[in-house]
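Before any comments, here is the structure.
The values are calculated or read from the model by the stated rules, or taken from the named source; none is laboratory data. In this text the structure is predicted, and so the values were computed from the model without any measurement. In this analysis, Cβ positions are derived from the backbone assuming ideal geometry, glycine residues included, and neighbour counts consider all displayed protein chains. Heavy atoms of the whole protein, side chains included, go into the accessibility calculation; ligands, DNA and RNA do not. Shrake-Rupley method; radii C 1.70, N 1.55, O 1.52, S 1.80 Å.
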Amino acid sequence: MPQSPEKPPTQPPPPTGDPKTTPFQKQRRHSGSWSEQWLNHHHPPLPNLKPNQQQALKNIVLKMHSLRSASSSSTPPSESDNESIGVGGVGVSYGPSLPDYSCVLSDQLLLRVLSKVPENQHVGNTLVCRRWARISGKLVRCIRLLDWEFLESGRLAYRFPHLVEIDIVRASVRSGRNSGIVLSNRFVMMGLDAEFSENGFLRMGDYLDVEVVDRGLKVLAEGCGNLRRLVAVNVSEEGLKCVAEECETLQELELHCANDLTLKGIEICRNLQILKVIGRIDGVYDTVITDIGLTILAQGCRRLLKLELVGCEGSYDGIRAVGQCCQMLEELTLCDHRMDGGWLTALSYCENLKTLKLQSCRSIDLNPGSDEHLGTCPTVEELYLQRCHLKDKQGMRALFGVCKSIRELTLDDCWGLDNNSFATASICRGVRYLSLEGCPSLTTEGFESVVLSWKELRRLRVISCKNIKDSDASPLLSNLFSALKEFKWRPDPTPLLAASLADTGVGQTGRSFRMK
(Lines give C-alpha, C1' and ligand atoms only; values in the text may rest on other atoms or scores of the structure.)
Protein backbone atom coordinates (compact mmCIF):
# COMPACT_ATOMS: atom_id res chain seq x y z
CA MET A 1 0.00 0.00 0.00
CA PRO A 2 1.59 3.15 -1.08
CA GLN A 3 2.29 5.70 1.54
CA SER A 4 2.35 9.38 1.05
CA PRO A 5 5.74 11.02 1.52
CA GLU A 6 6.36 12.59 4.86
CA LYS A 7 6.29 16.30 4.98
CA PRO A 8 9.42 18.00 6.13
CA PRO A 9 9.15 19.43 9.59
CA THR A 10 8.19 22.99 9.59
CA GLN A 11 10.58 25.50 11.14
CA PRO A 12 9.28 27.25 14.19
CA PRO A 13 8.47 30.88 13.61
CA PRO A 14 11.08 33.35 14.76
CA PRO A 15 10.52 34.54 18.28
CA THR A 16 8.97 37.87 18.75
CA GLY A 17 8.94 40.24 21.62
CA ASP A 18 11.63 41.75 23.71
CA PRO A 19 15.06 40.40 22.62
CA LYS A 20 16.25 40.44 26.20
CA THR A 21 13.58 37.86 27.20
CA THR A 22 13.54 35.67 24.10
CA PRO A 23 15.34 32.29 24.37
CA PHE A 24 17.00 32.59 20.98
CA GLN A 25 19.24 35.30 19.71
CA LYS A 26 19.72 36.29 16.14
CA GLN A 27 23.06 35.25 14.74
CA ARG A 28 25.04 38.29 13.77
CA ARG A 29 26.90 38.20 10.54
CA HIS A 30 30.66 38.52 10.90
CA SER A 31 31.59 41.75 9.24
CA GLY A 32 35.34 41.10 9.27
CA SER A 33 38.12 43.46 10.10
CA TRP A 34 38.74 46.67 8.22
CA SER A 35 41.77 45.10 6.54
CA GLU A 36 39.66 42.22 5.18
CA GLN A 37 37.06 44.63 3.89
CA TRP A 38 39.77 46.74 2.31
CA LEU A 39 41.23 43.68 0.56
CA ASN A 40 37.92 42.03 -0.48
CA HIS A 41 36.36 45.15 -1.93
CA HIS A 42 39.46 46.11 -3.90
CA HIS A 43 39.65 49.55 -2.41
CA PRO A 44 40.68 52.11 -5.06
CA PRO A 45 43.87 54.10 -4.57
CA LEU A 46 43.61 57.08 -2.33
CA PRO A 47 43.93 60.28 -4.36
CA ASN A 48 45.99 62.15 -1.74
CA LEU A 49 48.84 59.60 -1.67
CA LYS A 50 51.76 59.32 -4.02
CA PRO A 51 52.48 56.01 -5.81
CA ASN A 52 55.26 55.04 -3.37
CA GLN A 53 52.99 55.87 -0.45
CA GLN A 54 50.20 53.78 -2.00
CA GLN A 55 52.56 50.81 -2.20
CA ALA A 56 53.69 51.31 1.39
CA LEU A 57 50.06 51.38 2.56
CA LYS A 58 49.32 48.14 0.73
CA ASN A 59 52.24 46.43 2.37
CA ILE A 60 51.10 47.60 5.79
CA VAL A 61 47.57 46.28 5.24
CA LEU A 62 48.90 42.93 4.03
CA LYS A 63 51.15 42.66 7.03
CA MET A 64 48.31 43.37 9.48
CA HIS A 65 46.03 40.91 7.68
CA SER A 66 48.62 38.15 7.87
CA LEU A 67 49.27 38.78 11.56
CA ARG A 68 45.52 38.62 12.26
CA SER A 69 45.16 35.39 10.31
CA ALA A 70 48.15 33.83 12.05
CA SER A 71 46.87 34.76 15.50
CA SER A 72 43.33 33.42 14.84
CA SER A 73 44.43 30.15 13.22
CA SER A 74 45.89 27.28 15.20
CA THR A 75 47.32 25.59 12.10
CA PRO A 76 50.44 26.70 10.26
CA PRO A 77 49.83 28.81 7.15
CA SER A 78 49.47 27.04 3.85
CA GLU A 79 51.33 27.81 0.68
CA SER A 80 48.33 29.69 -0.70
CA ASP A 81 48.68 32.21 2.11
CA ASN A 82 52.03 33.26 0.75
CA GLU A 83 50.85 33.72 -2.82
CA SER A 84 50.21 37.03 -4.41
CA ILE A 85 47.06 38.84 -3.38
CA GLY A 86 45.29 41.42 -5.49
CA VAL A 87 44.92 44.75 -3.80
CA GLY A 88 43.19 47.58 -5.55
CA GLY A 89 43.59 45.85 -8.88
CA VAL A 90 47.36 45.45 -8.44
CA GLY A 91 49.00 42.17 -7.58
CA VAL A 92 51.39 42.37 -4.64
CA SER A 93 53.74 39.52 -3.88
CA TYR A 94 53.66 38.85 -0.16
CA GLY A 95 55.87 36.46 1.72
CA PRO A 96 56.80 35.74 5.33
CA SER A 97 57.95 38.59 7.60
CA LEU A 98 61.58 39.58 7.40
CA PRO A 99 63.74 37.71 9.93
CA ASP A 100 65.84 39.32 12.65
CA TYR A 101 69.26 39.02 11.10
CA SER A 102 70.99 39.71 14.42
CA CYS A 103 69.67 36.34 15.67
CA VAL A 104 71.94 34.62 13.17
CA LEU A 105 74.99 36.20 14.81
CA SER A 106 76.50 34.68 17.90
CA ASP A 107 76.81 36.69 21.09
CA GLN A 108 80.54 37.11 20.57
CA LEU A 109 80.11 38.35 17.00
CA LEU A 110 77.23 40.69 17.91
CA LEU A 111 79.29 42.05 20.78
CA ARG A 112 82.10 42.76 18.36
CA VAL A 113 79.73 44.57 16.02
CA LEU A 114 78.19 46.69 18.77
CA SER A 115 81.62 47.59 20.08
CA LYS A 116 82.17 49.61 16.89
CA VAL A 117 79.26 51.88 17.80
CA PRO A 118 80.17 55.15 19.60
CA GLU A 119 80.08 54.93 23.37
CA ASN A 120 77.29 57.48 23.73
CA GLN A 121 74.95 55.07 21.88
CA HIS A 122 75.55 52.02 24.04
CA VAL A 123 72.74 52.91 26.41
CA GLY A 124 70.34 53.45 23.52
CA ASN A 125 71.21 50.05 22.08
CA THR A 126 70.01 48.39 25.28
CA LEU A 127 66.44 49.48 24.42
CA VAL A 128 66.23 47.38 21.26
CA CYS A 129 65.55 44.02 22.90
CA ARG A 130 66.56 41.97 25.89
CA ARG A 131 69.41 40.30 24.04
CA TRP A 132 70.87 43.62 22.96
CA ALA A 133 70.45 44.95 26.48
CA ARG A 134 72.40 42.02 27.85
CA ILE A 135 75.14 42.26 25.26
CA SER A 136 75.41 46.07 25.12
CA GLY A 137 75.68 46.17 28.90
CA LYS A 138 78.98 44.37 28.61
CA LEU A 139 80.39 47.33 26.68
CA VAL A 140 79.66 49.91 29.39
CA ARG A 141 82.82 50.60 31.36
CA CYS A 142 82.05 53.80 33.28
CA ILE A 143 78.86 54.87 35.04
CA ARG A 144 77.66 57.49 37.53
CA LEU A 145 75.01 55.98 39.78
CA LEU A 146 71.91 58.02 40.60
CA ASP A 147 69.60 55.39 42.14
CA TRP A 148 70.88 53.44 45.13
CA GLU A 149 68.19 50.77 44.83
CA PHE A 150 69.52 49.89 41.38
CA LEU A 151 72.82 48.96 43.03
CA GLU A 152 71.52 47.27 46.16
CA SER A 153 69.05 45.07 44.26
CA GLY A 154 71.87 43.58 42.19
CA ARG A 155 70.54 44.88 38.86
CA LEU A 156 73.61 47.05 38.34
CA ALA A 157 76.01 44.11 38.42
CA TYR A 158 73.68 42.06 36.22
CA ARG A 159 73.17 44.82 33.68
CA PHE A 160 76.78 46.04 33.53
CA PRO A 161 79.02 43.13 34.56
CA HIS A 162 82.22 44.59 33.08
CA LEU A 163 82.22 47.93 34.88
CA VAL A 164 85.63 49.48 35.39
CA GLU A 165 84.73 52.90 36.86
CA ILE A 166 81.77 53.86 39.04
CA ASP A 167 80.77 56.96 41.01
CA ILE A 168 78.17 56.39 43.75
CA VAL A 169 78.34 59.78 45.49
CA ARG A 170 75.08 61.22 44.14
CA ALA A 171 73.17 58.04 44.90
CA SER A 172 74.45 58.08 48.50
CA VAL A 173 72.79 61.39 49.33
CA ARG A 174 69.10 61.70 50.16
CA SER A 175 67.84 64.70 48.25
CA GLY A 176 64.84 65.76 46.26
CA ARG A 177 65.45 65.00 42.61
CA ASN A 178 62.84 67.49 41.46
CA SER A 179 63.84 70.30 43.79
CA GLY A 180 65.57 72.21 40.99
CA ILE A 181 68.55 73.06 43.21
CA VAL A 182 71.93 71.60 42.28
CA LEU A 183 75.15 72.00 44.23
CA SER A 184 78.17 71.85 41.97
CA ASN A 185 81.84 72.53 42.52
CA ARG A 186 85.11 70.98 41.49
CA PHE A 187 84.64 67.97 43.75
CA VAL A 188 80.95 67.11 43.97
CA MET A 189 77.63 67.70 42.19
CA MET A 190 74.32 66.73 43.79
CA GLY A 191 70.72 67.84 44.17
CA LEU A 192 69.67 69.75 47.27
CA ASP A 193 66.45 70.50 49.11
CA ALA A 194 65.26 74.02 49.81
CA GLU A 195 66.21 73.74 53.49
CA PHE A 196 69.56 75.06 54.71
CA SER A 197 71.19 74.15 58.01
CA GLU A 198 73.65 76.14 60.05
CA ASN A 199 76.41 73.63 59.33
CA GLY A 200 76.10 73.90 55.56
CA PHE A 201 74.09 72.63 52.64
CA LEU A 202 74.13 69.00 53.80
CA ARG A 203 73.40 67.49 57.19
CA MET A 204 74.57 64.15 58.49
CA GLY A 205 71.05 62.79 58.07
CA ASP A 206 71.16 63.57 54.35
CA TYR A 207 73.67 60.78 53.74
CA LEU A 208 72.77 57.14 53.62
CA ASP A 209 73.64 55.20 56.75
CA VAL A 210 77.08 53.66 56.86
CA GLU A 211 75.56 50.17 57.07
CA VAL A 212 73.54 50.79 53.92
CA VAL A 213 76.59 52.06 52.02
CA ASP A 214 78.68 49.08 53.15
CA ARG A 215 75.97 46.66 52.08
CA GLY A 216 75.80 48.28 48.65
CA LEU A 217 79.59 48.16 48.29
CA LYS A 218 79.53 44.46 49.10
CA VAL A 219 76.99 43.81 46.33
CA LEU A 220 79.05 45.92 43.95
CA ALA A 221 82.31 44.18 44.77
CA GLU A 222 80.82 40.71 44.37
CA GLY A 223 79.22 41.51 41.02
CA CYS A 224 81.91 43.75 39.48
CA GLY A 225 85.24 42.30 40.46
CA ASN A 226 87.13 44.13 37.71
CA LEU A 227 86.70 47.60 39.19
CA ARG A 228 89.67 49.90 38.72
CA ARG A 229 88.22 53.21 39.91
CA LEU A 230 85.71 53.86 42.71
CA VAL A 231 84.27 57.15 43.98
CA ALA A 232 82.36 56.79 47.26
CA VAL A 233 81.18 58.85 50.22
CA ASN A 234 80.54 58.07 53.89
CA VAL A 235 82.24 54.69 53.73
CA SER A 236 83.42 52.74 56.76
CA GLU A 237 86.45 50.55 57.27
CA GLU A 238 84.45 47.35 56.66
CA GLY A 239 83.11 48.57 53.34
CA LEU A 240 86.55 49.42 52.01
CA LYS A 241 87.96 46.08 53.15
CA CYS A 242 85.21 44.26 51.28
CA VAL A 243 86.00 46.16 48.09
CA ALA A 244 89.73 45.58 48.54
CA GLU A 245 89.28 41.82 48.97
CA GLU A 246 86.98 41.32 45.98
CA CYS A 247 88.45 43.88 43.56
CA GLU A 248 92.13 43.10 43.42
CA THR A 249 92.60 45.25 40.31
CA LEU A 250 91.43 48.44 42.06
CA GLN A 251 93.97 51.13 41.16
CA GLU A 252 92.19 54.45 41.77
CA LEU A 253 90.11 55.40 44.78
CA GLU A 254 88.34 58.66 45.65
CA LEU A 255 86.88 59.00 49.15
CA HIS A 256 84.52 61.82 50.11
CA CYS A 257 83.72 62.80 53.68
CA ALA A 258 86.56 60.64 54.97
CA ASN A 259 88.22 60.62 58.38
CA ASP A 260 91.12 58.88 60.08
CA LEU A 261 89.16 55.69 60.85
CA THR A 262 87.98 55.39 57.25
CA LEU A 263 91.55 55.18 55.99
CA LYS A 264 92.14 51.96 57.92
CA GLY A 265 90.23 50.07 55.25
CA ILE A 266 92.66 50.87 52.45
CA GLU A 267 95.47 48.89 54.03
CA ILE A 268 94.41 45.86 51.99
CA CYS A 269 94.44 47.82 48.69
CA ARG A 270 97.92 46.71 47.77
CA ASN A 271 97.67 47.67 44.12
CA LEU A 272 96.29 51.16 44.72
CA GLN A 273 98.17 53.75 42.66
CA ILE A 274 95.97 56.86 42.68
CA LEU A 275 94.25 58.09 45.84
CA LYS A 276 92.14 61.18 46.44
CA VAL A 277 90.92 61.90 49.96
CA ILE A 278 88.42 64.70 50.60
CA GLY A 279 88.09 65.60 54.24
CA ARG A 280 86.51 69.02 54.64
CA ILE A 281 84.71 71.24 52.14
CA ASP A 282 83.06 74.36 53.47
CA GLY A 283 79.30 73.91 53.44
CA VAL A 284 79.43 70.30 52.25
CA TYR A 285 81.72 68.03 54.31
CA ASP A 286 82.92 68.57 57.85
CA THR A 287 85.31 65.72 58.61
CA VAL A 288 88.88 65.81 59.87
CA ILE A 289 91.98 64.00 58.63
CA THR A 290 95.03 64.44 60.82
CA ASP A 291 98.55 63.05 60.95
CA ILE A 292 97.10 59.77 62.26
CA GLY A 293 95.13 59.23 59.08
CA LEU A 294 98.06 60.25 56.89
CA THR A 295 100.30 57.76 58.68
CA ILE A 296 97.74 54.96 58.22
CA LEU A 297 97.41 55.90 54.58
CA ALA A 298 101.17 55.88 54.03
CA GLN A 299 101.72 52.52 55.67
CA GLY A 300 98.88 50.83 53.77
CA CYS A 301 99.46 52.23 50.26
CA ARG A 302 103.13 51.90 49.52
CA ARG A 303 102.64 51.76 45.73
CA LEU A 304 100.99 55.15 45.38
CA LEU A 305 101.95 57.21 42.37
CA LYS A 306 99.51 60.10 42.83
CA LEU A 307 98.07 61.45 46.07
CA GLU A 308 95.58 64.30 46.43
CA LEU A 309 94.54 65.65 49.83
CA VAL A 310 91.56 68.03 49.99
CA GLY A 311 90.76 69.93 53.17
CA CYS A 312 93.09 67.78 55.26
CA GLU A 313 94.81 68.78 58.45
CA GLY A 314 98.26 67.62 59.38
CA SER A 315 101.80 68.72 59.92
CA TYR A 316 105.40 67.75 59.39
CA ASP A 317 104.87 64.22 60.77
CA GLY A 318 102.10 63.28 58.33
CA ILE A 319 103.94 64.48 55.21
CA ARG A 320 107.14 62.80 56.39
CA ALA A 321 105.32 59.48 56.82
CA VAL A 322 103.98 59.77 53.29
CA GLY A 323 107.45 60.49 51.92
CA GLN A 324 109.14 57.68 53.79
CA CYS A 325 106.56 54.94 53.07
CA CYS A 326 105.34 55.90 49.59
CA GLN A 327 108.69 55.90 47.88
CA MET A 328 107.13 55.61 44.42
CA LEU A 329 105.06 58.80 44.84
CA GLU A 330 105.48 61.07 41.80
CA GLU A 331 102.65 63.62 42.19
CA LEU A 332 101.35 65.31 45.33
CA THR A 333 98.36 67.68 45.32
CA LEU A 334 97.24 69.72 48.32
CA CYS A 335 93.91 71.51 47.92
CA ASP A 336 92.68 73.95 50.57
CA HIS A 337 95.07 72.42 53.08
CA ARG A 338 95.00 73.23 56.77
CA MET A 339 98.53 72.09 57.55
CA ASP A 340 100.41 73.34 60.56
CA GLY A 341 103.57 75.37 60.10
CA GLY A 342 106.69 73.49 59.06
CA TRP A 343 105.16 70.94 56.70
CA LEU A 344 107.28 72.15 53.77
CA THR A 345 110.39 70.77 55.44
CA ALA A 346 108.98 67.22 55.16
CA LEU A 347 108.97 67.40 51.35
CA SER A 348 112.65 66.51 51.37
CA TYR A 349 111.62 62.93 52.29
CA CYS A 350 109.74 62.53 49.00
CA GLU A 351 112.71 61.31 47.05
CA ASN A 352 110.89 60.56 43.75
CA LEU A 353 108.40 63.44 43.76
CA LYS A 354 108.22 65.09 40.33
CA THR A 355 105.06 67.23 40.47
CA LEU A 356 103.76 69.41 43.31
CA LYS A 357 100.36 71.12 43.05
CA LEU A 358 98.87 73.62 45.48
CA GLN A 359 95.24 74.54 44.76
CA SER A 360 92.90 76.96 46.55
CA CYS A 361 95.28 77.29 49.49
CA ARG A 362 94.77 80.23 51.83
CA SER A 363 98.43 80.15 52.79
CA ILE A 364 101.54 78.21 51.84
CA ASP A 365 103.31 77.69 55.19
CA LEU A 366 102.80 80.08 58.06
CA ASN A 367 105.94 79.00 59.92
CA PRO A 368 108.42 77.24 57.62
CA GLY A 369 111.40 77.75 59.91
CA SER A 370 114.90 78.81 59.05
CA ASP A 371 116.36 78.24 55.60
CA GLU A 372 119.12 75.99 56.86
CA HIS A 373 116.59 73.42 58.13
CA LEU A 374 114.32 73.45 55.10
CA GLY A 375 116.18 71.01 52.92
CA THR A 376 115.45 70.51 49.24
CA CYS A 377 113.52 68.17 46.99
CA PRO A 378 115.79 67.91 43.94
CA THR A 379 113.47 65.61 41.95
CA VAL A 380 110.59 68.10 41.67
CA GLU A 381 110.30 69.29 38.07
CA GLU A 382 106.83 70.86 37.94
CA LEU A 383 105.25 73.30 40.38
CA TYR A 384 101.62 74.45 40.08
CA LEU A 385 100.04 77.23 42.13
CA GLN A 386 96.37 77.63 41.25
CA ARG A 387 93.85 79.93 42.95
CA CYS A 388 96.10 80.42 45.96
CA HIS A 389 96.66 83.36 48.31
CA LEU A 390 100.30 84.33 47.96
CA LYS A 391 100.59 87.22 50.40
CA ASP A 392 102.72 84.99 52.62
CA LYS A 393 106.19 86.10 51.50
CA GLN A 394 107.97 83.84 53.96
CA GLY A 395 106.07 80.79 52.79
CA MET A 396 106.73 81.64 49.15
CA ARG A 397 110.46 81.93 49.76
CA ALA A 398 110.47 78.59 51.58
CA LEU A 399 108.48 76.90 48.80
CA PHE A 400 110.83 78.02 46.04
CA GLY A 401 113.78 77.14 48.27
CA VAL A 402 112.60 73.53 48.63
CA CYS A 403 111.68 73.27 44.92
CA LYS A 404 114.63 75.16 43.47
CA SER A 405 115.22 72.49 40.81
CA ILE A 406 111.89 72.92 39.02
CA ARG A 407 111.75 73.06 35.23
CA GLU A 408 108.12 74.23 34.82
CA LEU A 409 106.29 76.86 36.87
CA THR A 410 102.56 77.61 36.56
CA LEU A 411 100.81 80.45 38.40
CA ASP A 412 97.07 80.67 37.69
CA ASP A 413 94.65 83.11 39.33
CA CYS A 414 96.87 83.63 42.37
CA TRP A 415 95.74 86.49 44.56
CA GLY A 416 98.48 88.60 46.14
CA LEU A 417 101.26 87.73 43.71
CA ASP A 418 103.17 91.00 43.47
CA ASN A 419 106.75 91.91 42.54
CA ASN A 420 108.17 90.95 45.92
CA SER A 421 106.49 87.53 45.96
CA PHE A 422 107.49 86.75 42.41
CA ALA A 423 111.07 87.83 43.08
CA THR A 424 111.51 84.81 45.38
CA ALA A 425 111.23 82.56 42.29
CA SER A 426 114.54 83.87 40.96
CA ILE A 427 116.30 81.19 43.01
CA CYS A 428 114.98 78.59 40.54
CA ARG A 429 117.66 78.98 37.87
CA GLY A 430 116.63 76.03 35.70
CA VAL A 431 113.09 77.12 34.75
CA ARG A 432 112.33 76.34 31.11
CA TYR A 433 108.57 76.98 31.04
CA LEU A 434 106.59 79.76 32.74
CA SER A 435 102.82 80.25 32.66
CA LEU A 436 101.21 83.33 34.20
CA GLU A 437 97.45 83.83 34.10
CA GLY A 438 95.22 86.06 36.15
CA CYS A 439 97.93 87.79 38.20
CA PRO A 440 96.96 91.50 38.08
CA SER A 441 99.30 92.71 40.85
CA LEU A 442 102.47 91.73 39.01
CA THR A 443 104.03 94.55 36.99
CA THR A 444 106.38 94.59 34.02
CA GLU A 445 109.34 95.56 36.20
CA GLY A 446 108.93 92.63 38.60
CA PHE A 447 108.23 90.22 35.75
CA GLU A 448 111.28 91.31 33.74
CA SER A 449 113.71 91.13 36.65
CA VAL A 450 112.94 87.44 37.25
CA VAL A 451 112.52 86.26 33.66
CA LEU A 452 115.86 87.70 32.52
CA SER A 453 117.63 85.74 35.26
CA TRP A 454 116.37 82.43 33.82
CA LYS A 455 118.91 81.63 31.14
CA GLU A 456 117.27 78.31 30.18
CA LEU A 457 113.76 79.69 29.57
CA ARG A 458 112.33 78.31 26.30
CA ARG A 459 108.55 78.62 26.62
CA LEU A 460 106.50 81.53 27.98
CA ARG A 461 102.77 82.09 28.42
CA VAL A 462 101.33 85.33 29.85
CA ILE A 463 97.55 85.89 29.87
CA SER A 464 95.33 88.41 31.70
CA CYS A 465 98.02 90.22 33.68
CA LYS A 466 96.90 93.81 33.18
CA ASN A 467 99.91 95.51 34.80
CA ILE A 468 102.37 93.81 32.44
CA LYS A 469 102.36 96.15 29.47
CA ASP A 470 104.03 96.02 26.09
CA SER A 471 105.11 99.63 26.30
CA ASP A 472 107.17 98.99 29.45
CA ALA A 473 109.16 96.11 27.99
CA SER A 474 112.90 96.74 27.63
CA PRO A 475 114.99 95.76 24.57
CA LEU A 476 116.50 92.87 26.55
CA LEU A 477 113.04 91.47 27.19
CA SER A 478 112.13 91.85 23.53
CA ASN A 479 115.26 89.95 22.50
CA LEU A 480 114.29 87.18 24.93
CA PHE A 481 110.88 86.90 23.31
CA SER A 482 112.41 86.46 19.87
CA ALA A 483 114.57 83.55 21.09
CA LEU A 484 111.72 81.55 22.64
CA LYS A 485 110.46 78.31 21.06
CA GLU A 486 106.92 78.76 22.35
CA PHE A 487 105.49 82.18 23.07
CA LYS A 488 101.93 83.26 23.94
CA TRP A 489 101.60 86.91 24.94
CA ARG A 490 98.21 88.35 25.86
CA PRO A 491 98.61 90.26 29.12
CA ASP A 492 95.75 92.66 28.41
CA PRO A 493 92.56 91.11 29.86
CA THR A 494 90.38 93.12 27.47
CA PRO A 495 88.76 90.72 25.00
CA LEU A 496 90.12 90.84 21.49
CA LEU A 497 86.73 91.63 19.99
CA ALA A 498 86.16 94.56 22.35
CA ALA A 499 89.63 95.90 21.58
CA SER A 500 89.03 95.72 17.82
CA LEU A 501 85.69 97.55 18.17
CA ALA A 502 86.98 100.23 20.51
CA ASP A 503 87.00 103.05 17.89
CA THR A 504 83.94 101.94 15.94
CA GLY A 505 81.30 103.05 18.45
CA VAL A 506 79.76 99.59 18.68
CA GLY A 507 78.63 98.73 22.18
CA GLN A 508 78.53 102.34 23.40
CA THR A 509 75.49 103.93 24.98
CA GLY A 510 73.19 105.43 22.38
CA ARG A 511 71.64 108.87 22.46
CA SER A 512 68.03 109.50 23.26
CA PHE A 513 66.01 111.59 20.82
CA ARG A 514 62.89 113.39 21.88
CA MET A 515 60.27 114.98 19.76
CA LYS A 516 60.20 118.75 20.14
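Just in region 389-456: which trypsin sites (Lys or Arg not before Pro) are loop by DSSP and have at most 12 other Cβ atoms within 10 Å? Listed in order of number, the matching sites are R429, K455.
Heavy-atom accessible surface of E486, to the nearest 10 Å², is about 90 Å², with a 1.4 Å probe and all protein chains retained. Protein heavy-atom surface of region 224-374, 1.4 angstrom probe: 40% of the accessible area is carbon and sulfur, with nucleic acids and ligands not counted. Computed from backbone phi with θ = phi - 60° and the Karplus coefficients 6.51, -1.76 and 1.60, the 3J(HN,Hα) list for region 388-393 is 10, 8, 10, 6, 7, 5 Hz; x is used for glycine and proline. Region 302-371 and region 144-166 have Cα centres lying 36 Å from one another. At a probe radius of 1.4 angstrom, the accessible area of region 216-300 per residue rounds to 37 square angstrom.
Going by accessible surface with a 1.4 Å probe and the largest first, Y158, Y316 read Y158, Y316. Per-residue surface analysis assigns C350 an accessible area of about 10 Å², computed on protein heavy atoms at 1.4 Å probe radius. For the listed residue pairs K357/K404; K393/K469; K306/K393; K276/K393; K241/K354, the alpha carbons are over 21 angstrom apart in K393/K469; K306/K393; K276/K393; K241/K354.
Close amide H contacts of D286 (hydrogens built in the peptide plane, cut-off under 5 Å, sequence separation of 5 or more or a different chain): I281.
Do you know the relative contact order of region 213-274, to the nearest whole percent, from alpha carbon pairs under 8 angstrom that are 6+ apart? About 37 percent, as a whole number. Computed over region 350-395, the convex hull of the alpha-carbon atoms projects to a mean area of 3.5 nm².
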